[in-house]
């Protein structure tokens, strides 16, 4: 079993970061799991704020926090001595620690020993521990939705969380399944699929979203893109392991090339739909793309409307920006035809 | 740098195995790199033999051996005390050790310390050490051939080695690039791509077969199949990282289902060709399948001829069994049109 399970609710540690962008994960937790985000701990007055209640470790514990989550990245991704002192005290007082940073909590001086002797958990969610098994592609019960992308960072986590939220609002049994560090910290569980050994990609995802009731929907966070030369192996293994009946294609229309690779063209959306459907059919014979989730934040309201309308016509599928319009029409289409 | 480089020539350690099949890797070395296989070391008279000269450690060293290679698997993949004594003595006398087993040499009691103090190398080729980088898909010079498969264990290593051998016989600059443990021990270098962390699959292959002279051919050993639910992520990352202009599809026609998965059908060969060409074009726009290497060992000579002729007509590509006919016609086609 390699699925991280992090005890909630959280106290969100913002350290001394003054960069709004670096608090992205913490903000994601506050937006998508407000009931789990009890408060924020900031080391100085200049530290960014999420607008949550400011809490000391003691106040967080008194409010019921079980885990302090490092929801920020600092310069160079390295944790400094001021942070370490706070972590040590958090363990002493009774909190587990969870981090999505590259540097491991378990590698900080003395922290692993301290946690072991106090029986606290250290969750380094970018790193996978425990043994995995090889995927087998055997058909399993339950409904599964997977978000796939034309590129990296095209809204796959956001869309999966938005779909889960709207399905639950409608009284449908739905559960977000996290495959990256931010998603794992938001969900409190999951597996960082890009950190597993290559042989176990699909097996890890089969373990993440096992057989379930026939009317239960797992909404699985996709990673990368079949067309991204750096990460497509992860995307394909994830697609096979997910065994999703329903795919939602996520796209960011203002991008000029694949993320990080100026020489690499963005694939055409129809090619993306076809390639993902064909690959998914290896383990899920009826897999189909049921909608496009478009991140139009780079477009004016008017340009966004035009883009959505023309793409909807071209692809013959509902297109929506989950942020602007929500995922309601895509979910309608899934429930009517999926 | 994570590419294993093993010093040659070898003394092949056969241990006390009495099972012909378990000596497959050792036999591969003796067949494909006879100049590197100085002799064999057997612990008993009942141990299988490759027909090489029987040598003690001292005789191997006197003959010039640099590395003793564990070319067998024993029951359960566990090395026992009798083996360990031989390994210790081999290090003492001056040999490096290389193994393709799951259990690491470096984890055997005292062996890592002994090797470090004597400055010998321990090569656990199933395990990747050192840091890798993420792939970037940037075009690089040199010609590259990749063997791809309809399934696992369909002859991809054998075909790549046969192509290298025939190209060299014709005076063409060609170099086999190993991606699995047997291939690495045969070549004396390579990277076990299924053992790298998922994020680095394509990057590892870019490192394995870097830019080269315009008339130099890397012949890259493929892994798995785009259609195998357990390992397709590895296959796709390998395909993108290889940036091959030329693909050779390997197929075993008597198989009834995907290896290890009774419920999973073997893909149609035309689908295989199309899927591999489409996926390869992400980093190698002119990539094309130039021939099919068919393992007909399960067919009679007559049935094999019929199968090859009908498949050649159906796929409009040269089809040959590298074992029975060699790869000459496939190479002719590559050189004429590739």
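The values are calculated or read from the model by the stated rules, or taken from the named source; none is laboratory data. Here the structure is a predicted model, which is why all the values come from computation and not from measurement. Quick reminder, even Gly has a Cβ in these numbers, built from the backbone with ideal geometry, and neighbours come from all protein chains shown.
Before moving on, here are some points about what is shown:
- Selected residue (only one of B:169, B:177 is closer than 30 Å to residue A:259 by Cβ and in the same structural domain as residue B:283 (by TED's automatic domain parsing)): B:177
- Given (1) surrounded by fewer than 24 Cβ atoms within 10 Å (Cβ to Cβ); (2) in contact with a strand residue (DSSP E or B) (Cβ under 7 Å, 6 or more places away or on another chain); (3) within 14 Å of another protein chain (Cβ to nearest Cβ), index of the condition residue B:175 fails: (3)
- Options B:265, B:287: the member that is modelled with pLDDT under 95 and under 22 Å from residue B:152 (Cβ atoms): B:265
- Qualifying residue in the range A:150-172 (condition: within 14 Å of chain B (Cβ to nearest Cβ), touching a helix residue (DSSP H, G or I) at 6+ places or on another chain (Cβ under 7 Å) and on the phi < 0 side of the Ramachandran plot): yes
Here is a yes/no grid of residues against (1) under 21 Å from the mean Cα position of the chain (by Cα); (2) under 19 Å from residue A:219 (Cα atoms); (3) surrounded by 24 or more Cβ atoms within 10 Å (Cβ to Cβ):
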| position | (1), (2), (3) |
| --- | --- |
| A:240 | yes, yes, yes |
| A:244 | yes, yes, yes |
| A:249 | yes, yes, yes |
| A:257 | no, no, no |
| A:260 | yes, no, no |
| A:276 | yes, yes, yes |
| A:285 | no, yes, no |
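- For the range B:141-235, the helices (runs of 4 or more DSSP H) that sit wholly inside it and include 3 or more residues that are closer than 20 Å to residue B:123 by Cβ are B:181-187, B:201-208.
- Residue match in the range A:324-337 (condition: assigned to a helix (DSSP H, G or I), more than 14 Å from chain B (Cβ to nearest Cβ) and modelled with pLDDT under 95): yes
- Selection status of residue A:91, surrounded by 15 or more Cβ atoms within 10 Å (Cβ to Cβ) and farther than 18 Å from residue A:220 by Cα: yes
- Taken over the range A:183-194, residues that are buried (at least 24 other Cβ atoms within 10 Å of the Cβ) and over 20 Å from residue A:206 (Cβ atoms) amount to 2.
- Qualifying residue in the range B:261-280 (condition: touching a residue at least 60 places away in the same chain (Cβ under 8 Å), away from chain A (no Cβ under 13 Å) and outside any helix (DSSP H, G or I)): no
- Restricting the first member to the range B:220-244 and to residues that are at the interface with chain A (Cβ under 7 Å from one of its Cβ atoms) and at pLDDT below 95, and the second to residues that are crowded, with 24+ Cβ neighbours inside 10 Å and part of a loop (DSSP other than H, G, I, E, B), no beta-carbon pair is closer than 6 Å while six or more apart or on different chains.
- Hey, residue B:221 under 25 Å from residue B:334 (Cα atoms) and assigned by TED's automatic domain parsing to the domain that holds residue B:170 or not: yes
- Residue A:125 vs. criteria more than 14 Å from chain B (Cβ to nearest Cβ), touching a residue at least 12 places away in the same chain (Cβ under 8 Å) and crowded, with 24+ Cβ neighbours inside 10 Å: yes
- The single condition among (1) farther than 25 Å from residue B:195 by Cβ; (2) touching a residue at least 40 places away in the same chain (Cβ under 8 Å); (3) outside the structural domain of residue A:273 (by TED's automatic domain parsing); (4) exposed (fewer than 13 other Cβ atoms within 10 Å of the Cβ) that residue A:110 does not meet is (2).
- The lone exception for residue A:105 - which of (1) touching a residue at least 12 places away in the same chain (Cβ under 8 Å); (2) over 30 Å from residue B:197 (Cβ atoms) it fails: (2)
- Hits in the range B:139-172 (condition: in contact (Cβ under 8 Å) with a residue 40 or more places away in the chain and out of contact with any strand residue (DSSP E or B) (no Cβ under 7 Å at 6 or more places or on another chain)): B:139, B:140, B:141, B:151, B:152, B:153, B:157, B:158, B:162, B:165, B:166, B:170
- Residue list for the range B:245-260, restricted to those being touching a helix residue (DSSP H, G or I) at 6+ places or on another chain (Cβ under 9 Å) and without any contact (Cβ under 8 Å) to a residue 60 or more places away in the chain: B:253
- Counting the residues of the range A:131-146 that are on the phi > 0 side of the Ramachandran plot and either at pLDDT below 95 or more than 7 Å from chain B (Cβ to nearest Cβ) (or both) gives 1.
- Test: residue in the range B:301-320 that is surrounded by fewer than 17 Cβ atoms within 10 Å (Cβ to Cβ), within 26 Å of residue A:277 (Cα to Cα), more than 24 Å from the chain's Cα centre (by Cα) and in the same structural domain as residue B:212 (by TED's automatic domain parsing): yes
- If the condition is being within 13 Å of chain B (Cβ to nearest Cβ), over 15 Å from residue A:137 (Cα atoms) and buried (at least 21 other Cβ atoms within 10 Å of the Cβ), then the range A:196-219 contributes A:196, A:198.
- Evaluation of residue B:136 against the conditions (1) under 24 Å from residue B:258 (Cα atoms); (2) in contact with a helix residue (DSSP H, G or I) (Cβ under 9 Å, 6 or more places away or on another chain); (3) part of a loop (DSSP other than H, G, I, E, B); (4) in contact (Cβ under 8 Å) with a residue 60 or more places away in the chain shows that the sole unmet condition is (1).
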